[in-house]
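*Asks:* Once you've had a glance at the structure underneath, I'll fire off some questions.
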Amino acid sequence: MEAINDVHVSEPGLIVVDVAADDETAFAFHAALSARWATTSVERTTRDADQEGVRLRCYLDLRQPLTEPAGTGGP
């Protein structure tokens with residue numbers, strides 16, 4: 001993966017998340033994050049020839065109020 005750009009973590013609450021997993025798990029993890037916080041969209045994973053599984057990078061913005069995931073019946 002490319003190096004993390006300073007602008008992506010330039011303020012408190014901005015986070016870069018790198019996930020190493022299989023495709024299904026990586027996309028499920030991203031879906032769980034995006035149900036609660038603003039995240040960048042992801043359309044594909046990357047694969048390193050010398051590593052098992054895939055990698056996925058997304059960017060989160062935790063500066064917004066936390067929301068309940070859909071279907072949890074929160075307040």
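Each value in this text was obtained by applying a stated rule to the coordinates, not by laboratory testing. From a predicted model like this one, the values you see are computed outputs, not experimental measurements.
*Asks:* Sequence-distant or interchain residues sharing an amide H contact under 5 Å with Leu14, placed H: which?
*Replies:* Here Leu62 satisfy the definition.
*Asks:* While we're here: Each residue of the range 12-23 in order: what ³J(HN,Hα) in whole Hz does its phi give by Karplus 6.51 cos²θ - 1.76 cosθ + 1.60, θ = phi - 60°, with x for Gly and Pro?
*Replies:* Using θ = phi - 60°, the values come out as x, x, 9, 10, 9, 10, 10, 10, 10, 6, 8, 3 Hz.
*Asks:* Here's something else I'd like to know. Subtract the Cα-Cα distance of Arg44 and Leu62 from 0.36 nm times their separation in residues, and report this length gain in nm to one decimal.
*Replies:* Working: separation 18, 0.36 × 18 = 6.48 nm, distance 2.30 nm.
Roughly 4.2 nm would be gained on extension.
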